[in-house]
Amino acid sequence: MTIVVADTGPIRYLLVIGGIELLPRLYDRVLLPRSVQAELTHHRAPEDVRAWALRPPAWVEIREVERLEATKELDVGEADAISLAR
């Protein structure tokens, strides 16, 4: 089983360009931290991105994350994605 952890950028832009269905062709599961889901549903995100993130497909799993480390160079979604991947 192939699994990938994603942060906001790749998901958002795959949705914007209509390429999100590439992910289940490449991976069995896509893990997203809850903070990434929150970023995708932000009121400034495009409507189609918000709608997708509120009801992600079955191949996406939203997970709570215990952040291992915080850094000024990373936003919350990036830090959580790294923590989840570890």
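The values are calculated or read from the model by the stated rules, or taken from the named source; none is laboratory data. The structure presented is a predicted model; accordingly, all values stated were derived computationally and were not measured. No Cβ is skipped: glycine too gets one built from the backbone with ideal geometry, and neighbour counts run over all protein chains shown. Note: accessible area is taken over every heavy atom of the protein model, side chains too, but ligands, DNA and RNA are not part of it. Shrake-Rupley method; radii C 1.70, N 1.55, O 1.52, S 1.80 Å.
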Interchain or long-range residues, amide H under 5 Å from Arg63's placed H: Leu32, Arg34
Taking a probe of 1.4 Å and leaving out DNA, RNA and ligands, the chain shows per residue an accessible area in Å² of 65 Å²
For the chain, what does the helix formula give at 222 nm: sum of -39500 (n - 2.57) over DSSP H segments with n ≥ 4, over the residue count, nearest 500 deg cm²/dmol? -12000 deg cm²/dmol
What is the distance, in nm, between label points placed 7 Å from the Cα along the Cα-to-Cβ direction at Arg34 and at Arg63? 1.4 nm
Enter the accessible area of Asp28 (Å², nearest 10), with the probe set to 1.4 Å and all protein chains included. 80 Å²
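So for Arg44, Arg29, what's the accessible-area order with a 1.4 Å probe, most first?
Arg44, Arg29
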If the only charges are +1 at each Lys and Arg Cβ and -1 at each Asp and Glu Cβ, what is the size of the charge dipole of the range 46-86 around the Cα centre, to the nearest 20 debye? 100 debye
Full extension between Val16 and His43 adds, at 0.36 nm per residue less the Cα distance, a length in nm of 8.2 nm
Which percent of Cα pairs goes in each bin when the distances of the chain are cut into 5 angstrom slices starting at zero? 3, 15, 27, 26, 18, 9, 2
Suppose every Lys and Arg Cβ carries +1 and every Asp and Glu Cβ carries -1, with no other charges. What dipole size does the chain come out with about its Cα centre, to the nearest 20 debye? 140 debye
Rounded to whole Hz, the Karplus (6.51, -1.76, 1.60) HN-Hα couplings of the range 37-49, x for glycine and proline: 4, 4, 5, 5, 9, 4, 4, 8, 6, x, 4, 5, 5
Summed over the other residues with a beta carbon less than 11 angstrom from that of Val76, with K and R at +1 and D and E at -1, the charge totals -3
